[in-house]
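Take a look at the structure set out below.
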Amino acid sequence: MADLRTDFLGIKSPNPFWLASAPPTDRKVNVERAFRAGWGGVVWKTLGEAGPPVVNVSGARYGAIHGPDRRVLALNNIELITDRDLEINLKEIKEVKRAWPDRALVVSLMAPCDEESWKAILARVEETECDGVELNFGCPHGMSERGMGSAVGQVPEYVEMVARWCKAHTRMPVIVKLTPNIADIRQPARAAKKGGADAVSLINTINSIMGIDLDAMTPLDAIDGKGTHGGMCGPAVKPIALAMVAEIARDPSLAGLPISAIGGVTTWRDAAEYIALGAGTVQVCTAAMTYGFKVVQEMATGLSAYMDRKGYATIDDFRGRAVPSITDWQHLNLNFVAKARIDQDLCIKCGRCHIVCEDASHQAIFAKLDGGRTFEINEAECVGCNLCVLVCPVENCITLDHKTHGVDPRTGLPYDRPPLAWTAHPNNPAVKAAE
Amino acid sequence: MTIAGRPQGLSDVAAGRLDPKTIEANFSDLHPPLGFHAAKVESDRCYFCFDAPCQQACPTSIDIPLFIRQIAADNRTGAAKTIFDANIMGGMCARVCPTETLCEEACVREAAEGKPVRIGLLQRYATDALIETGKSPFSRAAPTGKRAAVVGAGPAGLACAHALAVAGVEVTIFEARAKPGGLNEYGIAAYKAVDDFAAKEAAFILSVGGIEVLYGVALGEHVKLDDLRRDYDAVFLAMGLGATNKLGLPGEYELENVADAVDYIAVLRQAEDKSTMPVGRRVVVIGGGMTAIDIAVQSKKLGAQNVTIVYRRSSKHMKASRFERELAQTNGVVIRTSARPVAIEGHAGVFSGVLFEDTHEHEGVFAPAGSVFRIEADMLFTAIGQRGTPEILDGAEIELTGGRIVVDAERRTSFPGVWAGGDCVVGDENLTVVAVEDGKQAARSILSALGVSAA
């Protein structure tokens with residue numbers, strides 16, 4: 001059996017699955033239910049400074065994109081930080097940590113951009129004996145209009161400044177949670193590191209409007225006839241989050257910066273992918289909000305089975321292993337040639353490969369409709385683009401073959417040429433200039 | 001057909017063998033319709049194939065991938081319009097088509113996983129919404145001044161009339177019966193078209209306007225083909241098959257409780273209260289086609305205890321589809337094959353059983369297998385096929401084969417100005433969908449012949 005235990009900034013948890021700061025972690029009753037279900041840790045829903053309680057809307061605060069079977073592909077929300085009294089939250093955090101010492105308990109924080117506010121709340125949080133704090137620089141709705149959340153996360157100088165204050169006023173590990181609503185995720189990550197943060201977590205939610213009600217002519221879902229953008233999460237955001245995690249993981253100036261990855265983790269496989277990109281833990285929200293806490297049991301058993309299959313004894317055995325393979329386009333081997341191959345025994349003759357290649361690609365799949373209705377690759381035109389592979393409804397029916405012997409009928413060039421990247425390609429003006 | 005509605009001697013024929021509620025439930029929808037969510041989920045299973053095999057398998061070439069995609073995108077009436085553009089009887093075809101041998105057999109998911117997209121049910125989902133409005137989504141082109149006569153308001157006749165009317169032709173339909181719909185109204189099994197669907201569909205089709213239906217007017221009797229040719233610019237014959245085949249055995253006409261299945265079903269279909277229909281406790285059906293299945297299953301649903309279909313050839317020759325045969329079997333009908341009737345037996349003028357002879361078939365030649373068996377029963381239904389009644393054509397020089405009209409690809413008969421389609425023409429399959437296609441093709445040909453551009 002693989003060992004799923006993790007040690008992230010010294011914070012230990014029995015598995016890498018943490019619940020992200022979100023509605024499921026707003027109160028003791030939920031968090032204890034989560035721990036009983038098997039979650040390795042939680043990031044308690046964001047606390048704000050003492051004072052009059054936060055006021056949420058009392059209408060739809062979530063929106064969704066559904067698949068045809070109403071599978072939730074993405075959620076968005078306009079919920080603010082916790083609207084419960086700070087003292088109650090602090091008391092419950094302390095109780096939970098004492099009752100569940102083996103689980104990770106990190107507290108998310110958001111405060112106005114002044115040092116005293118952060119100092120004050122950090123002192124109170126430290127009393128709970130929680131394992132660390134996560135700075136919410138991410139929420140793109142509501143609080144950002146008040147100068148917090150993503151309003152901080154979008155300005156690297158603020159990120160650095162607040163991170164530095166926090167490191168100065170607490171002994172607890174500090175994780176900076178990054179907003180994806182920014183052009184270059186490395187900038188705030190570098191700022192966090194420069195400010196002394198121990199780790200980053202990403203991504204927070206993506207700015208979004210989930211749809212327009214074409215009868216009411218309002219955004220979905222509206223509050224008294226009006227709507228606003230919310231923060232989107234769930235399976236649909238995972239590719240964006242993977243790219244951002246990868247950017248940080250492979251940035252030399254951020255080497256070694258621990259990452260807690262967030263974004264559409266729904267199954268063990270999603271978690272394993274983030275770990276392969278270097279994440280030390282993963283955080284989950286939408287899967288729990290869609291199916292309940294039990295989903296962690298699939299995640300933990302699935303990850304364990306995968307690791308056993310691969311012979312990975314610990315998470316660290318495969319953590320970051322995919323990072324070296326991620327590079328810039330300019331370093332891809334332009335002499336590599338792949339062409340599609342159709343397994344005629346598996347083909348169900350839907351013809352989608354043909355029509356998409358015909359209409360949207362390179363006219364490289366023949367449709368032979370007389371008699372047998374077969375679809376065949378025209379290697380003289382196929383550029384190996386993968387579109388047919390992706391649209392084929394049958395697993396492994398169409399695959400890309402790496403060509404190594406013979407001559408490419410499309411280019412007339414042999415298949416087995418030595419690797420050649422754009423950086424050295426004769427068509428690259430920069431290469432010519434250097435000569 | 002004389003059916004004694006009382007136990008008589010050893011014979012037991014009675015109405016109301018089951019309580020009315022059970023009978024009503026037995027005659028409810030064979031396939032309940034899909035709801036909104038189920039339709040959405042099912043529509044997502046369609047791969048939107050290139051040059052879709054399902055569309056090619058459809059005799060009316062409905063653009064199935066397009067209408068399914070329209071359902072998936074919440075455009076139910078658009079989906080219905082796509083269907084009606086190709087097949088104005090898409091609603092009935094969704095209910096009665098042998099989809100398992102047409103579109104759904106061709107569906108690539110059938111090859112992939114043995115579970116085709118449920119095209120029939122999706123087609124019903126799409127068409128039901130529009131038919132329930134009772135209003136045609138089609139509008140008529142400007143009047144052309146042309147007039148066409150259509151004989152028969154069945155699927156072929158209505159399809160032809162509709163296409164002609166849309167193109168601006170004035171159409172008169174001559175219908176021998178009291179209601180439109182042909183076999184949709186009088187023939188197919190009741191549980192396939194519940195809630196008076198055949199009538200609703202006919203009203204929906206006729207709502208386009210420009211079609212006058214004269215009921216109770218039979219060709220050859222009340223109106224002559226020559227008159228139609230004289231008075232109209234084109235004539236489309238779609239009167240179906242007016243007669244049924246007979247066993248040719250003594251007792252077939254004389255004995256009580258021996259009935260022609262087609263006649264019985266017509267009465268059954270029109271019966272408001274099915275529990276008034278007398279049926280035997282033990283029923284034997286002779287035949288191997290859809291009518292044999294329909295009468296056998298409906299006998300069961302009326303409360304018959306033992307129903308046996310006897311077919312003279314082996315099961316692979318049965319015209320009833322495999323689905324239909326299985327439907328019969330799951331309803332408790334016993335199917336015996338390779339046996340032919342040699343004597344109809346009765347006592348005191350009342351049917352009591354059939355003596356069968358086992359047959360042995362070799363390369364199409366029947367030979368007695370040397371054994372006989374008797375099935376004692378209270379009721380006998382014959383369902384051995386229908387035949388044409390060319391005599392109603394009054395000797396017009398129309399080429400016939402086996403009593404049915406010969407047509408070319410455009411559904412032209414050998415007689416100038418006369419087209420034909422549906423069951424009265426020579427063809428392998430007497431399907432509603434084929435009849436609709438006949439009507440559609442004939443209308444195209446007629447419009448072309450009259451110099452009218454199709455709408």
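Bear in mind these aren't lab numbers, they're just calculated from the coordinates by the rules spelled out. Owing to the predicted nature of the structure, the values given are computational and were not obtained by experimental measurement. Cβ: placed from backbone, ideal geometry, glycine included. Neighbour counts: every protein chain shown.
With Cβ to Cβ distances under 12 Å as the rule, what net charge do the other residues near residue A:92 carry (K, R +1; D, E -1)?
Result for the local shell: +3.
Tell me which cysteines of chain A come out unpaired when the rule is another cysteine's Cβ under 4.7 Å.
Taking the Cβ cut-off of 4.7 Å, the unpaired cysteines of chain A are A:113, A:130, A:139, A:166, A:233, A:285, A:347, A:357, A:382, A:385, A:392, A:397.
Quick one: the Cα spread of region A:309-435 along its three principal axes, in angstroms, biggest first?
Each principal axis gives a Cα extent; for region A:309-435 these are 55, 49, 27 Å.
Expressed in nm to one decimal, what extension gain is obtained for the pair residue A:336 and residue A:228 from 0.36 nm per residue of sequence separation less their Cα-Cα distance? Intermediate values should be presented prior to the final figure.
On the way: separation 108, 0.36 × 108 = 38.88 nm, distance 4.73 nm.
Here the answer is 34.2 nm.
Using the Kirkwood formula over every pair of different C-alpha atoms, what hydrodynamic radius in Å results for region A:265-326?
Evaluated over region A:265-326, this radius sits at 12.0 Å.
Once you have the Cα-Cα distance between residue A:425 and residue A:306, take 0.36 nm times their residue separation minus that, and quote the gain in nm to one decimal.
Details: separation 119, 0.36 × 119 = 42.84 nm, distance 3.99 nm.
My answer for the length gained is 38.9 nm.
What base-10 log of the normalised intensity I(q)/I(0) is obtained for chain A from the Debye formula, alpha carbons as equal point scatterers, at q = 0.06 Å⁻¹?
Values, matching the q order: -0.32.
Would you kindly derive the ³J(HN,Hα) couplings of region B:21-34 from the backbone phi angles with the Karplus curve 6.51 cos²θ - 1.76 cosθ + 1.60 (θ = phi - 60°), listing them in order in whole Hz, with x for Gly and Pro?
Values per residue, Gly and Pro as x: 5, 5, 5, 4, 5, 4, 9, 7, 2, 4, 10, x, x, 6 Hz.
Less than 18 Å apart at the alpha-carbon level, and either on another chain or at least 8 residues along: which lysines does that give for residue A:94?
Partners found: A:12, A:28, A:45.
Taking a virtual spin label 7 Å from the Cα of residue B:142 along the C-beta vector, which residues in region B:429-455 bring their backbone nitrogen under 18 Å of it?
Inside the label zone: B:451-455.
Which value, in debye to the nearest 20, gives the size of the charge dipole of chain A about its Cα centre, when Lys and Arg are +1 and Asp and Glu are -1 at the Cβ? Walk me through the numbers before you get to the answer.
Values: 46 positive and 52 negative charges, 127 e Å.
The dipole magnitude comes to about 620 debye.
How far apart, in nm, are the 7 Å Cα→Cβ label points at residue B:449 and residue A:413?
6.5
Which one, B:314, B:271, B:292, projects farthest toward the positive side of the charge dipole computed for region B:244-323 from Cβ point charges (K/R +1, D/E -1)?
B:314
At R0 = 30 Å, how high is the FRET efficiency between residue A:396 and residue B:61 if r is their beta carbon distance? Nearest 0.05 is fine.
So, using R0 = 30 Å, E works out to roughly 0.35.
Springs between alpha-carbon pairs under 10 angstrom, Gaussian network model over chain A: which of A:375, A:318, A:17 fluctuates most?
In this elastic network of chain A, the residue with the biggest mean-square fluctuation among A:375, A:318, A:17 is A:375.
Within region B:371-392, whose backbone N sits under 14 Å from a point 7 Å along Cα→Cβ of residue B:243?
B:385-392
Just to verify a number: FRET efficiency for residue A:113 and residue A:253, C-beta to C-beta distance, R0 = 30 Å, to 0.05? The partial results should precede the final answer.
On the way: r = 25 Å, r/R0 = 0.83.
Calculated transfer efficiency: 0.75.
If you put +1 on each Lys and Arg Cβ and -1 on each Asp and Glu Cβ, how big is the dipole of the protein assembly as shown around its Cα centre, in Debye rounded to 20?
Roughly 1640 debye for the protein assembly as shown.
Note down the relative contact order for chain A as a percent, whole number, built from C-alpha pairs under 8 angstrom at least six residues apart.
On the way: 921 pairs, mean separation 58.8, N = 435.
Computed value for chain A: 14 percent relative contact order.
For the ranges A:253-262, B:373-382, A:104-113, what's the packing order if you count other beta-carbon atoms within 10 Å of each residue, average per peptide, and put the highest first?
Per-residue Cβ counts within 10 Å, averaged per peptide and sorted highest first, yield A:104-113, B:373-382, A:253-262.
Express the C-alpha Rg of the protein assembly as shown as a ratio against the empirical globular expectation 2.2 N^0.38 Å, rounded to two decimals.
Working: Rg = 37.4 Å, N = 890, 2.2 N^0.38 = 29.1 Å.
The value comes to 1.29.
Give me, ordered by chain and number, the residues 5 or more places off residue B:181 or on other chains with an amide H under 5 Å from its own placed amide H.
Distant-sequence amide H within range of residue B:181: B:153, B:154.
Give me the net charge of residue A:253's neighbourhood, meaning all other residues with Cβ under 9 Å from the Cβ of residue A:253; Lys, Arg count +1, Asp, Glu -1. Display every interim value, and only then the final one.
Working: positive: A:186, A:190, A:193; negative: A:251.
Around residue A:253, the charge tally is +2.
State the three equivalent ellipsoid semi-axes of region A:147-286, derived from the C-alpha gyration tensor as the square roots of 5 times its eigenvalues, in descending order and whole Å.
29, 19, 12
Nearest 500 deg cm²/dmol is fine: what mean residue ellipticity at 222 nm does the protein assembly as shown get from its DSSP H runs of n ≥ 4 alone, each adding -39,500 (n - 2.57), divided by its residue count?
-9000 deg cm²/dmol, from helical runs alone.
For region A:131-147, just list the computed ³J(HN,Hα) in residue order, Karplus coefficients 6.51, -1.76 and 1.60, θ = phi - 60°, integers in Hz, with x standing in for Gly and Pro.
Once θ is set to phi - 60°, the couplings for region A:131-147 become 8, x, 10, 10, 8, 7, 10, x, 4, x, 10, x, 5, 5, 5, 9, x Hz.
Thinking of region B:84-196 as a set of Cα atoms, what percent of all their pairs are more than 20 Å apart?
Details: 3300 of 6328 pairs.
Counting pairs separated by more than 20 Å, the tail of P(r) holds 52 percent.
Report the paramagnetic label zone for residue B:399: residues of region B:417-436 whose backbone N is under 18 Å from a point 7 Å from Cα along the Cα-to-Cβ axis.
Within reach of a label on residue B:399, which here means backbone N under 18 Å from a point 7 Å along Cα→Cβ, region B:417-436 contributes B:417-422, B:424-428.
Could you pull out every residue, at least 5 positions away or on a different chain, whose amide H is within less than 5 Å of the one on residue B:343? Hs are placed 1.01 Å off N in the peptide plane, and Pro or chain starts have none.
Here the answer is B:355, since their amide H atoms fall under 5 Å of that of residue B:343.
If R₀ is 41 angstrom, what is the calculated FRET efficiency for the pair residue A:404 and residue A:1, using the beta carbon separation as r and rounding to 0.05?
0.55
What's the extension gain from residue B:429 to residue B:215 if we count 0.36 nm per residue and subtract their Cα-Cα distance?
Here the answer is 74.3 nm.
Average partner chain C-beta neighbours within 10 Å, per residue of B:36-49?
If you average over the peptide's residues, the count of other-chain Cβ atoms is 3.
Convert 4 °C to kelvin, take the viscosity as 1.567 mPa s, use the Kirkwood radius over C-alpha pairs of region A:258-367 as Rh, and evaluate the Stokes-Einstein diffusion coefficient in µm²/s, rounded to a whole number.
74
Only Lys, Arg, Asp and Glu count, each charged at its Cβ (+1, +1, -1, -1), so figure out the dipole size of chain B about its Cα centre, rounded to 20 debye.
Once rounded to the nearest 20, the dipole reads 660 debye.
Percentage of Cα-Cα pair distances in region A:1-130 greater than 18 Å, rounded to whole percent? Please list the in-between numbers first.
Working: 4970 of 8385 pairs.
For region A:1-130, the share of Cα pairs beyond 18 Å comes to 59 percent.
Would you mind computing, in nm to one decimal, how far apart the modelled labels at residue B:111 and residue B:348 are, each placed 7 Å from Cα along Cα→Cβ?
Placing both labels 7 Å along Cα→Cβ, they lie 6.5 nm apart.
Can you pull a Stokes-Einstein diffusion coefficient for region A:141-227 at 37 °C (0.692 mPa s), Rh from Kirkwood over Cα pairs, as a whole number of µm²/s? Don't skip to the end; give the middle numbers.
Numbers: Rh = 14.4 Å.
Answer, rounded: 228 µm²/s.
Amide H neighbours of residue B:212 under 5 Å, counting only residues 5+ apart in sequence or on other chains, H built in-plane at 1.01 Å?
B:171, B:172, B:173
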